[in-house]
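Encoded as structure tokens, the structure appears first; notes follow it.
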Amino acid sequence: MLAGYPMPETNRAMPYHEFYLDDFQPRDHYRPLWEHIRRAGQNLLAEKARDAHLALHTEGVTFTVYDDSDEGIERVWPFDLLPRIIPAREWDLLEAGLRQRIRALNLFLKDLYHGQRIIKDGVIPAELIYKGKDFQRQVLDVDPPHDIYTHISGVDLIRDLEGRYLVLEDNLRTPSGVSYMIENRIIERRILPEFFARYRVRRVEHYPDLLLKALRHLSPRGADAAEVVVLTPGIYNSAYFEHTFLAKEMGVELAEGRDLVVRNNVVHLKTTRGLKRVDVVYRRVDDEFLDPLCFRADSVLGVAGIMNAWRAGNVALVNAPGSGIADDKAVYAYVPEIIRYYLGETPILANVPTYQMTDPHDRDLVLSQLEGMVVKAVAESGGYGMLMGPASTPEQRRDFTRRIQENPRNYIAQPVVPLSRHVCYLDGELESRHLDLRPFIIYGEDIDVVPGGLTRVAMTKGSLVVNSSQGGGSKDTWVLAD
Amino acid sequence: MLSRIAESIYWMSRFLERTDNTARLLDINLNHLLEANDAGAEELQWAPLLHIVAGNEVYQRIFPDGTVTGARMIRYMVQEKGNSGSIYAALKGARENARVARDRISKEMWEALNEFWLQVDGHVTHRLSPERESAFFKHVRAEVARFHGLTVSTMLRGDAFSFYLLGTFLERADMTARILDVKYHRLLPDLDLVGSPLDYYQWGALLKSLSGFEAYRRHYHGGIRPLDVVDLVVFSRHFPRSLHFAVDRMTQAIQEIGTSQTDCAVCRTLERLSALLAAREAEEVVREGLHEFLTEFLDQLSTLHASLQNEYFEAHLGMEQCAT
């Protein structure tokens with residue numbers, strides 16, 4: 001479908017730089033920060049960087065990297081001192097684009113699980129949906145409260161050579177990172193209060209409050225009687241820190257699958273005083289592990305019978321089961337069409353050009369130029385199961401060629417978009433590194449986009465992989481009030 | 001509260017108390033060696049510690065020849081990952097459980113425990129050198145004390161706090177009873193030497209390991225007498241490391257939590273423990289056999305632990321009715 005899209009030539013142009021206009025002059029909105037750094041000098045920055053690391057270490061702000069051991073390795077959250085700053089006008093555009101996208105994707109999900117008008121109208125091929133791993137037949141004709149499927153989304157944005165924001169991934173399943181967005185802000189304000197004095201930065205720390213309100217809004221017994229829990233896979237999950245953080249900030253129980261039990265289609269919490277009814281489950285467990293009766297029978301992370309309780313309307317599940325099909329990477333290519341179809345609007349945010357491996361023409365084109373491509377498995381996330389063309393070895397490329405030919409529906413390819421760059425304080429020097437942005441969107445009574453997000457940085461020079469599981473770092477993200 | 005979280009808080013405090021007790025035992029044993037000139041063979045000094053922590057089996061596995069030396073015991077009780085009572089393993093257990101219950105303990109408590117763990121985790125990679133041993137044990141005790149202080153001053157009172165008390169005092173009572181049992185046995189042949197310098201050092205060391213030396217001095221004026229030591233360590237209702245004090249605190253904690261059981265085994269066990277302590281005096285107990293008395297006490301503690309498991313940590317089993 002993208003035949004004829006010009007392939008980027010390597011080194012044709014420099015990636016967009018967020019901070020510098022050229023090698024020596026900062027962009028206007030970074031000028032106050034830049035002047036401050038120049039005056040403060042290197043020693044002060046070095047000291048502050050140490051303080052920040054120590055604070056994160058002591059507070060146990062960590063994430064877990066999976067390895068061969070059962071437990072994984074717990075690492076301290078990597079944090080860069082210098083904030084990323086987004087001017088108000090730029091943010092307004094992003095916010096409008098994200099709202100539009102989330103509204104359209106929820107209408108799309110409702111349609112897919114009720115009637116499938118979009119397939120009948122020939123906008124999206126039936127095969128693409130039915131072969132998607134995250135299309136859940138068990139969800140057909142279920143009516144989740146208020147027709148909301150993706151209550152929480154974390155959309156990944158990158159910037160092209162001209163600085164235009166593009167959507168890279170929608171992350172509609174169990175996006176993580178919001179706790180780090182808040183921790184970054186807390187650390188930044190504590191370590192560098194003087195930075196804030198020069199800007200009017202919009203707040204992000206009320207996120208848990210917005211979230212709790214959105215969750216209570218879904219309670220089958222009404223918001224006032226809502227018993228809300230966060231469902232975690234457990235302490236060895238990479239985002240366990242975040243699960244605890246959110247439960248604590250919202251003042252609700254953090255439950256594991258074994259803490260919940262379904263009786264008569266009603267979900268209960270096992271407490272020291274017996275069973276207690278649960279109304280809303282913010283689950284950080286993927287669909288396939290959610291209910292061994294409905295999905296993977298060998299799952300010990302889920303709750304047997306919870307899907308029936310959900311179908312009976314006795315409990316709200318957040319995000320709704322089956323939402324993952326809307327961020328399947330093959331469906332992603334159709335999101336601009338989805339927006340036009342349901343809203344009759346022009347998409348505000350563009351996609352990264354995407355090649356479908358099911359299309360023979362696209363496939364041949366991609367396979368002939370694998371070195372300039374990013375290949376992604378359609379139902380994976382977190383940087384797992386992907387091939388970064390420019391950094392790949394011939395064996396890896398041969399391996400992916402074979403995998404694509406064997407199962408084309410499972411892969412998509414995108415030309416390498418050189419992510420924008422920013423300055424980071426690394427080992428005593430200011431150095432440029434690539435980064436992306438993940439803002440968080442809550443769909444409750446209204447759609448709220450928290451002004452900020454998680455800026456992830458590829459800490460290795462030249463690297464384009466920002467996932468923390470692959471050694472990425474992060475920056476505090478400031479959205480300016482004016 | 002969530003059963004699993006209640007259990008984690010209970011184990012967090014038990015493991016932390018174990019960390020503290022191990023540091024106390026080792027520190028006092030070391031100091032005693034330094035001071036007592038008739039301390040006897042090295043093995044005689046260190047072997048009782050193995051009995052106290054019921055560690056013979058694991059020790060045999062790690063040191064198949066079975067010889068007990070001071071250096072080995074320090075390694076076994078400080079760093080040995082295979083020994084669940086070692087400072088390393090117990091603290092790791094405390095921290096893992098705190099991590100599970102992180103949303104129910106205060107930020108200050110979590111940070112103190114996490115920081116403590118990070119230090120000890122760093123220590124364990126290199127051997128503890130003899131000149132730093134004592135400072136290390138002192139540090140461990142200070143960190144545990146800091147945690148308890150922060151808990152008392154920052155933790156919300158409620159079920160979670162009560163489970164913290166239950167874990168702390170059950171472990172403390174258990175360890176105190178074991179220490180007394182082993183030490184008393186070891187000291188028994190010396191009963192003729194009441195009032196001798198040896199007695200002073202041996203019983204003095206025991207009191208010091210329980211932070212009770214000064215309290216003892218203030219309260220009893222007849223010198224260091226085994227009967228009076230038993231009176232303080234078992235029967236005193238005012239000494240924070242005595243058995244009676246621990247049973248009182250646990251009884252209060254259970255009253256605070258309340259019970260949803262019609263027939264409360266936890267309450268019954270606590271009543272039995274109180275009865276065991278209430279009607280006796282040190283002299284009577286020592287005459288009838290301190291060892292038998294302490295064995296009965298330790299058995300009741302095991303029953304208490306099992307009942308907590310049944311009635312609180314697995315309260316949902318066999319219950320159809322929904323609590324509100």
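A quick yes/no check of all residues on (1) open to solvent by less than 10 Å² (accessible area, probe 1.4 Å); (2) at pLDDT below 90; (3) more than 22 Å from A:Ser463 (Cα to Cα); (4) not small (Gly, Ala, Ser):
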| site | (1), (2), (3), (4) |
| --- | --- |
| A:Phe289 | no, no, yes, yes |
| A:Val300 | no, yes, yes, yes |
| A:Ala304 | no, no, yes, no |
| A:Val318 | yes, no, yes, yes |
| A:Gly322 | yes, no, yes, no |
| A:Asp359 | no, yes, yes, yes |
| A:Leu365 | no, no, yes, yes |
| A:Ala379 | no, yes, yes, no |
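When residues in segment A:272-311 are screened for being assigned to a loop (DSSP other than H, G, I, E, B), among the aliphatic types (A, V, I, L, M) and closer than 11 Å to A:Val229 by Cβ, 2 of them pass. When B:Val58, B:Val144 are checked against the criterion of being touching a Gly at 6+ places or on another chain (Cβ under 7 Å) and in a helix (DSSP H, G or I), B:Val58 stands alone in meeting it. Only residues that are in contact (Cβ under 8 Å) with a residue 40 or more places away in the chain, part of a helix (DSSP H, G or I) and of a type in the set (Val, Ile, Thr) were counted across segment B:236-269, and they come to 4.
Is it the case that segment A:174-182 has a residue that's in contact with a Leu (Cβ under 8 Å, 6 or more places away or on another chain), of a type in the set (A, V, I, L, M, F, W, C) and surrounded by 23 or more Cβ atoms within 10 Å (Cβ to Cβ)? There is at least one residue in segment A:174-182 that is in contact with a Leu (Cβ under 8 Å, 6 or more places away or on another chain), of a type in the set (A, V, I, L, M, F, W, C) and surrounded by 23 or more Cβ atoms within 10 Å (Cβ to Cβ). In the condition set (1) open to solvent by 70 Å² or more (accessible area, probe 1.4 Å); (2) assigned to a helix (DSSP H, G or I); (3) away from chain A (no Cβ under 14 Å), B:Asn310 is compliant with all but (3). Name the residue that is farthest from A:Glu256 (Cα to Cα), counting only residues in segment B:102-111 that are under 23 Å from the mean Cα position of the chain (by Cα) and more than 9 Å from chain A (Cβ to nearest Cβ). Top of the filtered list is B:Met109.
Residue-wise test of (1) within 30 Å of A:Ser392 (Cα to Cα); (2) touching a strand residue (DSSP E or B) at 6+ places or on another chain (Cβ under 8 Å); (3) buried (at least 19 other Cβ atoms within 10 Å of the Cβ).
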residue	(1), (2), (3)
A:Pro415	yes, yes, yes
A:Asp427	yes, no, no
A:Tyr443	no, yes, yes
A:Gly452	no, yes, yes
A:Thr455	yes, yes, yes
A:Met459	yes, yes, yes
A:Val465	yes, yes, yes
A:Gly472	yes, yes, yes
A:Val479	no, yes, yes
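Determine whether A:Leu140 is touching a Phe, Trp or Tyr at 6+ places or on another chain (Cβ under 9 Å), without any contact (Cβ under 8 Å) to a residue 60 or more places away in the chain, of a type in the set (A, V, I, L, M) and surrounded by fewer than 22 Cβ atoms within 10 Å (Cβ to Cβ). Yes: the conditions hold for A:Leu140.
Which of the following residues is open to solvent by 50 Å² or more (accessible area, probe 1.4 Å) and either among the hydrophobic types (A, V, I, L, M, F, W, C) or more than 14 Å from chain B (Cβ to nearest Cβ) (or both): A:Ala239, A:Ala247, A:Ala214, A:Ala197?
The match here is A:Ala197.
Does A:Glu205 satisfy the condition of being free of Cβ contacts under 8 Å to residues at least 60 places away in the same chain, open to solvent by 10 Å² or more (accessible area, probe 1.4 Å), within 23 Å of the chain's Cα centre (by Cα) and under 19 Å from A:Gly452 (Cα atoms)? So A:Glu205 passes the test. Evaluated against (1) open to solvent by 30 Å² or more (accessible area, probe 1.4 Å); (2) closer than 24 Å to A:Gly453 by Cβ; (3) within 14 Å of chain B (Cβ to nearest Cβ); (4) of a type outside the set (Asp, Glu), A:Leu54 falls short on exactly one condition, (2).
The residue pairs whose first member lies in segment A:314-340 and is in a loop (DSSP other than H, G, I, E, B), whose second member is of a type in the set (Gly, Ala, Ser) and crowded, with 24+ Cβ neighbours inside 10 Å, and whose beta carbons are closer than 6 Å, counting only pairs six or more residues apart or on different chains, are A:Val315/A:Ala309.
The set of residues in segment B:275-284 being part of a helix (DSSP H, G or I) and closer than 18 Å to B:Leu232 by Cβ consists of B:Leu276, B:Leu277, B:Ala278, B:Ala282, B:Glu283, B:Glu284. For segment B:112-122, indicate whether the set of residues that are open to solvent by less than 40 Å² (accessible area, probe 1.4 Å), more than 26 Å from B:Arg178 (Cβ to Cβ) and at pLDDT 90 or above is non-empty. Checking segment B:112-122: at least one residue is open to solvent by less than 40 Å² (accessible area, probe 1.4 Å), more than 26 Å from B:Arg178 (Cβ to Cβ) and at pLDDT 90 or above. Within segment A:341-382, the set of residues being farther than 12 Å from A:Ala413 by Cα and in a loop (DSSP other than H, G, I, E, B) comprises A:Gly344, A:Glu345, A:Thr346, A:Pro347, A:Ile348, A:Leu349, A:Ala379, A:Glu380, A:Ser381, A:Gly382.
Conditions tested, residue by residue: (1) at pLDDT 95 or above; (2) assigned to a helix (DSSP H, G or I).
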{"site": "A:Ile118", "(1), (2)": "yes, yes"}
{"site": "A:Ile129", "(1), (2)": "no, yes"}
{"site": "A:Gly132", "(1), (2)": "no, no"}
{"site": "A:Leu157", "(1), (2)": "yes, no"}
{"site": "A:Leu161", "(1), (2)": "no, no"}
{"site": "A:Asn171", "(1), (2)": "no, no"}
{"site": "A:Glu183", "(1), (2)": "no, yes"}
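Criterion applied to A:Arg99, A:Arg198, A:Arg137, A:Arg189 was being over 21 Å from A:Gly472 (Cβ atoms) and at pLDDT 95 or above, and the one residue passing it is A:Arg99. Does segment A:251-269 contain at least one residue that is more than 21 Å from the chain's Cα centre (by Cα), at the interface with chain B (Cβ under 9 Å from one of its Cβ atoms), at positive phi and outside any strand (DSSP E or B)? Looking for residues that are more than 21 Å from the chain's Cα centre (by Cα), at the interface with chain B (Cβ under 9 Å from one of its Cβ atoms), at positive phi and outside any strand (DSSP E or B), one finds at least one in segment A:251-269, hence yes.
Can you pull out the strands (runs of 3 or more DSSP E) entirely within segment A:392-482 that have at least 2 residues that are over 20 Å from the mean Cα position of the chain (by Cα) and of a type outside the set (Ser, Thr, Tyr)?
Output list reads A:421-426, A:429-438.
Only residues that are surrounded by fewer than 19 Cβ atoms within 10 Å (Cβ to Cβ) and farther than 19 Å from A:Tyr240 by Cα were counted in segment B:82-107, giving 2.
Take the residues of segment A:270-287 that are within 24 Å of the chain's Cα centre (by Cα) and over 17 Å from A:Asn308 (Cβ atoms): which is farthest from the other protein chains (Cβ to nearest Cβ)?
A:Asp286
Under the condition of being in a loop (DSSP other than H, G, I, E, B) and surrounded by fewer than 19 Cβ atoms within 10 Å (Cβ to Cβ), which residue from segment A:218-236 is nearest to the other protein chains (Cβ to nearest Cβ)? Step by step, filter segment A:218-236, then rank; the result is A:Gly234.
The values are calculated or read from the model by the stated rules, or taken from the named source; none is laboratory data. Remember, predicted model here, so these are calculated numbers, not experimental data. FYI the Cβ positions are ideal-geometry reconstructions off the backbone, even for glycines, and counts take in every protein chain you see. Just the protein is used for accessible areas: all its heavy atoms, side chains included, with ligands, DNA and RNA removed. Shrake-Rupley method; radii C 1.70, N 1.55, O 1.52, S 1.80 Å.
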